[in-house]
Amino acid sequence: MQKESSISLDLTETQLGLTLFIDADKEHTLFVNDDIGNHEAKFQLREGHYYDYTFSDPNFRLACSNQNNIISTRKRDKHCGRIAPNIFVGTLSLEFYHINDSDKKGTIELEVQSIKTTYRKDYQFMLNEIADKCTDLILQANSPVSHTFETDPECDNETLYQRFAFIKAMIESEDFDNAVQRIIISPTTKWKSEEELTDVRSIKRYNPSNIRQLLNGSNKMHLNSSSHLRNYGVDSIATKIEAKNKRESVDTAENRFIKHALTTFLHFCEDLELHKNAGKRLKSEARETAEILDSYLQQNLFKDISKPTTLKLNSPVLQKKAGYREILKTWLKYDLAAKLIWNGGEEVYSAGKKDIATLYEYWLFFKLLELLEKMFVISSKDLEDLIEPSKDGLSLQLKQGAFTALRGVYYSKNRDLKIRFNYNRSFRGNSNIQSPGSWTTTLRPDYTLSIWPSSLKENDAEKEEQIVHIHFDAKYKIANIHQILDNKEDDALNTEKKENLEGIYKNADLLKMHAYKDAIRRTAGAYILYPGGIEKNLKGFHEVLPGLGAFPISPSQGEDTTRSLESFLNDLLEHFLNRATQRENIATKTYEITKDGKGNPLNESIPEYIDGRKLIPDETFVLVGYARNPKRNQRMAWFKKHKRYNFRMGDKKGALKFTENEAKAKFLLIRDSTNGTATNLYKLKEGIQVFTGKELEKKGHPSASEDAYLIVDFELDVIPEFENVVFNYFNTVEYQQIIAKYGNTISAKGRPFATTLSQLMNREN
């Protein structure tokens, strides 16, 4: 590639002397392609940069019908403007018009390079892997394999190019070339016996047939008089006879299959090149691939191999020998890949476009699917649904913005889990806390892994806060994770803010992860997947969830680039099998607090803390007891003197029904009237005791006539926030239930119960 600061495109074919000038805004961002073999446009730009353009004739203007935001034209001088490729990568087709005419005068093709130098290699590798995964899915689904090897004359250019792209990715891969070269260098052979006219002097051992030919054959010579054969009446023998000779031959069934496969691939490429709907780029690339295949077939090995009569696909050589097994695998997948139409393909390579970032996103889907299949039992029906029959053949149901869901199960001794793996799932904005969705606007992560206990249905798991969503976003353009996850000084943040205003986003990727985690309900993690080399996992607690971070997954041949993510997913699994995680405790508590869908407002003054723990009114329980007017009996005086209160036990009238709420009570309210209010609130001490009636009488209790009593100790000092506060117990839920049970307030007045502090202090009761 030659680097230029400006270029000029000769458009004389449209108008004599017409030229388009393009100037780069920065050095080393404008190139002239000198490699005609890569099928890319001669003049090349780089994504993310700006280029000024000017026509030599002011009566012409430039446009881009496929990408409206790439060309900006000056209002006054419409023959001038700016080209901004943004994130577009691949062949960029621009049209130019006469200013006063809407008819297109011509087309200009420019190539837009990715900012990542390895994008061409990455693109081919990922496309090849997607083709492999898709054909594996088809074979896995037991779809019938019908090798017709025909091209549909009615297919449009985009459909043809999609099919060819998969085939090209397989045939032009390094593995395929290595396989063919191995066969050429070390082909399988067999010993072949042939009868040919042989000089009798070269035959070492004669069989009966040879002897008969020797005596009866033509081209005889007379024996001299001293020959011992004359003693047997033989005067002459043949000089040459037909004899079987063995020689090593490459014309084996396996080699015939290899030649047949290469020839089939060649015919497919030649048919595409001649197809009436094939575009210029498709014709060029098909021709080059055909030349590669033809160069293989021109090797001497294949000249000595005949056409196959049968294909012995069960041959041990084809299935096991290096080189042969790779070609067999490619051939088995060939017809499937040739018929495969990818619904998302137009976003990756439509009209020569090479959207490497979108392709990386699709490729990661299959890498994540591969990892999940190791850990969970994925429904085969869901896998089959990824490939569906269509009018053009077979259709891969993977498209950006379209929802794809796979379900799986994990079985273990202590807990079974269900998962749902989504591609581009939309979490719509709504305020219903029990439904899936976002608190604000609709958000759509690239991938979402949802996990919940198998004992619950998915909707119930959402309602009960028992489902967890973990999101992943693909970021091919991030080269170094330190760009977004390192702590930044004020100067760096100021610079970044300025760059953001100019349209250069770095921190936005991390902010999106925060948005997923904070806005999408029941989200416990959000992570970036990028083609780098550094793992970053930020934990909210000491546990793996909740968290943020990034995992490196590079499209590299022969490398296990998913090991850090696989380790993380295994940690996730261990986390969900642990029934006592902080995350699960918090989730359970959240459901208990929010399940009614409403809160109890309380604006009264209450203590912030009790015994060093935050006081939560809805979870702070109060025992409500009863004592007659202290002026008419002595029990209230005894309670205050001994700082003790007694409840009857058993099933008698006025006995305390001891439940969890009574056990958790922190306060005691003693009511001495039936007007529905009380003021005697005391803080309870730890512990509960049981006394007999006789024991209480010995302590001076005025009327302990029952066999046993439940005793609680309390502090007589009034808490400042509760001084002179009137507590309305009459309209509490618990007291109203007692009234409903016994029919009137007279029967209910002596019944003890427990209620929450928020109910007692709520002035609206």
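The values are calculated or read from the model by the stated rules, or taken from the named source; none is laboratory data. Bear in mind that the values here come from a model prediction, so they are computed numbers and not experimental data. No Cβ is skipped: glycine too gets one built from the backbone with ideal geometry, and neighbour counts run over all protein chains shown.
Some observations on this one:
- Pairs where the first residue, in the range 204-224, is farther than 13 Å from residue 235 by Cα and the second is not in a strand (DSSP E or B), C-beta under 8 Å, 6+ apart: 206/214; 210/203; 219/239
- The requirement of being within 30 Å of residue 477 (Cβ to Cβ) and modelled with pLDDT of 90 or more is satisfied by residue 52.
- Scanning the range 725-752 for residues that are β-branched (Val, Ile, Thr) and either touching a helix residue (DSSP H, G or I) at 6+ places or on another chain (Cβ under 8 Å) or at pLDDT 85 or above (or both) gives 725, 726, 732, 733, 738, 739, 745.
- Any chance residue 554 is assigned to a helix (DSSP H, G or I), surrounded by fewer than 19 Cβ atoms within 10 Å (Cβ to Cβ) and in the same structural domain as residue 462 (by TED's automatic domain parsing): no
Rundown of residues vs (1) surrounded by 14 or more Cβ atoms within 10 Å (Cβ to Cβ); (2) out of contact with any helix residue (DSSP H, G or I) (no Cβ under 8 Å at 6 or more places or on another chain); (3) under 26 Å from residue 132 (Cβ atoms), yes/no style:
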{"residue": "515", "(1), (2), (3)": "yes, yes, no"}
{"residue": "534", "(1), (2), (3)": "no, no, no"}
{"residue": "546", "(1), (2), (3)": "yes, no, no"}
{"residue": "550", "(1), (2), (3)": "yes, no, no"}
{"residue": "567", "(1), (2), (3)": "no, yes, yes"}
{"residue": "574", "(1), (2), (3)": "no, yes, no"}
{"residue": "585", "(1), (2), (3)": "no, yes, no"}
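- Single condition residue 111 does not satisfy, out of (1) part of a strand (DSSP E or B); (2) without any contact (Cβ under 8 Å) to a residue 60 or more places away in the chain; (3) of a type in the set (Asp, Glu): (2)
- Residue match in the range 22-42 (condition: without any contact (Cβ under 8 Å) to a residue 60 or more places away in the chain, crowded, with 16+ Cβ neighbours inside 10 Å, assigned to a strand (DSSP E or B) and in contact with a Gly (Cβ under 9 Å, 6 or more places away or on another chain)): no
- Qualifying residues in the range 422-451 (those that are part of a strand (DSSP E or B) and either of a type in the set (Ser, Thr, Tyr) or modelled with pLDDT of 95 or more (or both)) - the one surrounded by the most Cβ atoms within 10 Å (Cβ to Cβ): 423
- Looking only at residues of the range 159-180 that are among the polar types (S, T, N, Q) and in contact with a Phe, Trp or Tyr (Cβ under 9 Å, 6 or more places away or on another chain), we find that the one that is surrounded by the fewest Cβ atoms within 10 Å (Cβ to Cβ) is 173.
- From the options 690, 624, residue that is touching a residue at least 40 places away in the same chain (Cβ under 8 Å), out of contact with any Cys (no Cβ under 7 Å at 6 or more places or on another chain) and surrounded by fewer than 16 Cβ atoms within 10 Å (Cβ to Cβ): 690
- Check on residue 268, aromatic (Phe, Trp, Tyr), within 20 Å of residue 181 (Cβ to Cβ), touching a helix residue (DSSP H, G or I) at 6+ places or on another chain (Cβ under 8 Å) and surrounded by 18 or more Cβ atoms within 10 Å (Cβ to Cβ): no
- Matching option when the condition is surrounded by fewer than 17 Cβ atoms within 10 Å (Cβ to Cβ) and either of a type in the set (Val, Ile, Thr) or in contact with an Asp or Glu (Cβ under 7 Å, 6 or more places away or on another chain) (or both), among 19, 91: 19
- Only residues that are assigned to a helix (DSSP H, G or I) and either crowded, with 16+ Cβ neighbours inside 10 Å or more than 60 Å from the chain's Cα centre (by Cα) (or both) were counted across the range 217-262, and they come to 14.
To keep it simple, each residue is scored yes or no on (1) touching a Ser or Thr at 6+ places or on another chain (Cβ under 7 Å); (2) surrounded by fewer than 17 Cβ atoms within 10 Å (Cβ to Cβ).
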position	(1), (2)
638	no, no
653	no, yes
675	no, yes
695	no, yes
701	no, no
707	yes, yes
723	no, yes
728	yes, no
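Residue-wise test of (1) modelled with pLDDT of 80 or more; (2) of a type in the set (Gly, Ala, Ser); (3) over 30 Å from residue 192 (Cβ atoms).
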position	(1), (2), (3)
222	yes, no, yes
227	yes, yes, yes
231	no, no, yes
238	yes, yes, no
243	no, yes, no
254	yes, no, no
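- Filtered residue count, the range 43-75, keeping only those that are surrounded by 14 or more Cβ atoms within 10 Å (Cβ to Cβ), more than 31 Å from the chain's Cα centre (by Cα) and part of a loop (DSSP other than H, G, I, E, B): 5
- For the range 735-761, a tally of residues being surrounded by fewer than 19 Cβ atoms within 10 Å (Cβ to Cβ), at negative phi and not β-branched (Val, Ile, Thr) returns 9.
- Failed item, numbered, when residue 347 is tested on (1) in contact with a strand residue (DSSP E or B) (Cβ under 7 Å, 6 or more places away or on another chain); (2) of a type in the set (D, E, K, R); (3) modelled with pLDDT under 75: (1)
- Condition met for residue 283 (part of a helix (DSSP H, G or I), at pLDDT below 80, outside the structural domain of residue 90 (by TED's automatic domain parsing) and basic (Lys, Arg)): no
- Residues (charged (D, E, K, R) and at pLDDT 90 or above) located in the range 353-369: 367
- Scanning the range 521-537 for residues that are more than 17 Å from the chain's Cα centre (by Cα) and either under 30 Å from residue 432 (Cβ atoms) or at pLDDT 85 or above (or both) gives 521, 522.
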